[in-house]
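Engineer: Here it is, the structure, as structure tokens.
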Protein chains: 2
Amino acid sequence: MPLPSAYAPRLWIKISMSVLIVGSTALDSIKTPTSENPKLLGGSASHAAVAASFFGPVRLVGVVGDDFPKQYVKLYERHGIDLGGLQMLPGKTFHWSGEYELNMDNRRTLLTELGVFETFTPTLPKTHQSSPYVLLANIAPSLQSHVLDQMRRPKFIVADTMDLWLNIALKDLLALIKRVDAFVLNESEAHQLTEKNNMLHAAREIHKLGPKYVIIKKGHNGAMLSGPSGLFLAPAYPLDCVMDPTGAGDSFVGGMMGYLAATSGPVEKKMRRAMIYGSVVASFCCEGFGLTKTTKVKRRDIDKRVRELEKLIRF
Amino acid sequence: MPLPSAYAPRLWIKISMSVLIVGSTALDSIKTPTSENPKLLGGSASHAAVAASFFGPVRLVGVVGDDFPKQYVKLYERHGIDLGGLQMLPGKTFHWSGEYELNMDNRRTLLTELGVFETFTPTLPKTHQSSPYVLLANIAPSLQSHVLDQMRRPKFIVADTMDLWLNIALKDLLALIKRVDAFVLNESEAHQLTEKNNMLHAAREIHKLGPKYVIIKKGHNGAMLSGPSGLFLAPAYPLDCVMDPTGAGDSFVGGMMGYLAATSGPVEKKMRRAMIYGSVVASFCCEGFGLTKTTKVKRRDIDKRVRELEKLIRF
């Protein structure tokens, strides 16, 4: 597939490296106490790819059914996302339906229809195999590993996950964790994986499983990085109105990875700022259903919030 | 009562102003899954006074029974705390007993014996009535108001509270809130008081009740300030070992108020740094049962953690 037209004119092209993102591409139906939003564009890879696209070129690897709305293909394209690794198969697109309670913290899954996702095996086009930055967004760990098997010496690998894989595919997940540079999970997953209540202890246990960087997401309380230069506490941007937190974690890792790939210098030196950028993209994600707010955002809006966040923590 | 001997030699005496602290002075028996700690020095005023004492002179207002251990009087004195406002009455000292679960987040009260606290009316010595900084640590709001009634034009008033007063003395609490410059409470109390899930909304509602500054404590996730210059997010110092979080909130406001009183310049300019100092003193509090760790700390240990905290959030 040729590069989409929106891709060419962007300024980053000379300085930034490609991010390859594999994960789920889905239709999300999201219910809240005040509204219903059927079949929005969703999935970990969709959120992460759009988030990363603000910083540099993105290659999406995923699968959709033949019912996948054309408008969503156009949305990817508008964000300059390379769809050469997106398979379209006969059948239905993965459909997830969930409901949030009033406080937006508790989510209940109403329905999961795997569709074409059930038999999905990610196969990378030749061009994609040498992508320097690889984001294994939330998807079965065996598929995340399968993508890594096809890569040629990537520069930096990040993997995200969810509680489901801790429950049903722990062995696969542990095999994957060994192979990544950074592993991302939330507080309750870190507790489940390590049986530690204290997140410093949990991070230490996860380092023992392999990754140089451990990032523990804490929702509206930000995120914690444990890495070679010690700890970093990334704040979340305080939001006046949370419409829908679905995809916030994916936006966080996507924005982070996009920033890492788009800037020069060693990862260690730019990891903190990358997390802040991820945190800010995630904040926009929460302000609309699905990707509706994120896709309206410009890079300058992100930079503005990063500057605001800097002021919010200065003392 | 004359100034205790430990008071005189401290260096701050020329530059810092007195903090008057009223609150509970108690004996705390604290059970955790791994230990029992009977009759430690506790109470909101004890924690806040020791925390504030690292920065400048403190005047404690409270009541104890004739069973109050001499060693605890000496502990106050070692911290240069002026005990001229501490009444000793015939009867038993307020005794609280509680139990923590393994994750240190859930606390259960096992026993509350009010003792001499039942009939306590704080009466301020003449010398105390012109204290410039007043910290109304957690105690019945009617008593907090009674202290304010006796003050002569204090410069800055902070009040802390707890869920109990929201449940049984809301009217008194609302009358008090009107009269203070800063009101401090935790997330669940802010939710209970305002019926808002979003803490930005909750802070806005609390401003309407009177205070210029609203500080919402978030335990190990730090604290949020809402004030004339907007928001500030104060991180908590990440702890490797939480022994006993009892008194952490009191230590936070005590440290904050101690710093405010000890430094020159307008409150607005020093509020953020004051919260960071409070947060650091609270971190030490959590590392030992009751005041056992806090009383071993030196000012240089606090300054060191403040510098560390600065590095932990820098990006």
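Coordinate-derived values only; no laboratory data. Because the structure is a prediction, the values reported are computed rather than measured. Glycine also receives a Cβ, built like all others from the backbone with ideal geometry; neighbour counts cover every protein chain displayed.
Engineer: Build a GNM of chain B with springs between Cα atoms under 10 Å: which of B:205, B:118, B:189 gets the top mean-square fluctuation?
Structural biologist: Its mean-square fluctuation being the largest, the pick is B:118.
Engineer: Just going by the charge dipole of chain B, with Lys and Arg at +1 and Asp and Glu at -1 on Cβ, which of B:261, B:26, B:91 is farthest out on the positive end?
Structural biologist: Positive-most Cα among the choices belongs to B:261.
Engineer: Using the Kyte-Doolittle scale, which helices in chain A average at least 0.0 and also have C-alpha atoms spread 20 Å or more along the helix axis, with helices defined as whole DSSP H runs?
Structural biologist: Correct list, ordered by number: A:248-262, A:267-286.
Engineer: Right, next: In whole Å, what are the extents of the stretch B:16-313 along the principal axes defined by its C-alpha atoms, from largest to smallest?
Structural biologist: Extents along the principal axes, in whole Å: 48, 44, 38.
Engineer: May I pose another question? Dipole size in debye (nearest 20) for the stretch A:115-265 around its Cα centre, Lys and Arg Cβ +1, Asp and Glu Cβ -1?
Structural biologist: 740
Engineer: Please give the charge dipole size of the protein assembly as shown, origin at the Cα centre, charges +1 on K and R Cβ atoms and -1 on D and E Cβ atoms. Round to the nearest 20 debye.
Structural biologist: 2740
Engineer: Could you tell me which residue in chain A puts its beta carbon nearest the axis mapping A onto B, with the distance rounded to whole Å?
Structural biologist: Residue with the nearest Cβ, plus whole-Å distance, for chain A: A:221, 2.
Engineer: Okay, next question. Taking the inverse of the average 1/r across all pairs of different Cα atoms in the protein assembly as shown, what Kirkwood radius in Å do you get?
Structural biologist: 26.3
Engineer: Taking each residue of A:225-236 in turn, how many C-beta atoms of other protein chains fall within 10 Å of its C-beta, and what is the average?
Structural biologist: Neighbouring Cβ atoms belonging to other protein chains average 3 per residue here.
Engineer: Here is a follow-up. In the Gaussian network model of chain B, springs joining C-alpha atoms below 10 Å, which of B:275, B:224, B:199 carries the largest mean-square fluctuation?
Structural biologist: Among B:275, B:224, B:199, the largest mean-square fluctuation in the Gaussian network model of chain B belongs to B:199.
Engineer: Rounded to whole Å, give me the distance from the Cα center of the stretch B:91-154 to that of the stretch B:208-273.
Structural biologist: One Cα centre to the other: 19 Å.
Engineer: With point charges of +1 on the Cβ of Lys and Arg and -1 on the Cβ of Asp and Glu, referenced to the Cα centre of the protein assembly as shown, which listed residue (A:248, A:284, B:137) lies farthest in the positive direction of the dipole?
Structural biologist: A:284
Engineer: A 22 angstrom limit on the alpha carbon distance is what I want to check against. Which of A:270/A:311; A:217/B:304; B:196/B:311; B:74/B:155; A:31/A:298; A:218/B:218 exceed it?
Structural biologist: Violating the 22 Å limit, Cα to Cα: A:217/B:304; B:196/B:311; B:74/B:155; A:31/A:298.
Engineer: State the answer as a single residue: which of B:73, B:43, B:119 lies farthest towards the positive end of the charge dipole of the protein assembly as shown, with beta carbon charges of +1 for Lys and Arg and -1 for Asp and Glu, about the Cα centre.
Structural biologist: My answer, from the dipole projection, is B:73.
Engineer: Which residues does a label at residue B:229 reach in the stretch B:272-315, if reach means a backbone N under 14 Å from a point 7 Å past the Cα toward the Cβ?
Structural biologist: B:272-276
Engineer: Tell me the Kirkwood radius of the stretch B:27-96: reciprocal of the mean inverse pair distance over distinct alpha-carbon atoms, in Å.
Structural biologist: Roughly 12.7 Å, rounded to one decimal.
Engineer: Give the nm distances, rounded to one decimal, from residue B:38 to the matching residue in every other copy, measuring between label points 7 Å along Cα toward the beta carbon; shortest first.
Structural biologist: Result for residue B:38, in nm, nearest copy first: 6.8.
Engineer: Where the Cα atoms of the stretch A:188-285 are projected onto their three principal axes, how long is each span, largest first, in whole Å?
Structural biologist: Reported extents, whole Å, longest axis first: 36, 33, 17.
Engineer: Now a separate question. So if I place +1 on the C-beta of Lys and Arg and -1 on the C-beta of Asp and Glu, and nothing else carries charge, what would the dipole magnitude of chain A be about its Cα centre? I want it in debye, nearest 20.
Structural biologist: Result for chain A is approximately 1400 debye, rounded to the nearest 20.
Engineer: Let me ask another. Once you average over the residues of B:88-99, how many Cβ atoms of partner chains fall within 10 Å of each Cβ?
Structural biologist: Across the residues of B:88-99, the mean count of other-chain Cβ atoms within 10 Å is 0.
Engineer: Relative to the other copies, what are the label-point distances for residue B:210, with labels 7 Å from Cα along the C-beta vector, expressed in nm at one decimal and sorted shortest first?
Structural biologist: Sorted ascending, the copy-to-copy spacings read 5.9 nm.
Engineer: For residue B:108, place a label point 7 Å out from Cα along the Cα→Cβ vector, do the same in each other copy, and report the separations in nm, one decimal, smallest first.
Structural biologist: Output for residue B:108: 2.8 nm, nearest copy listed first.
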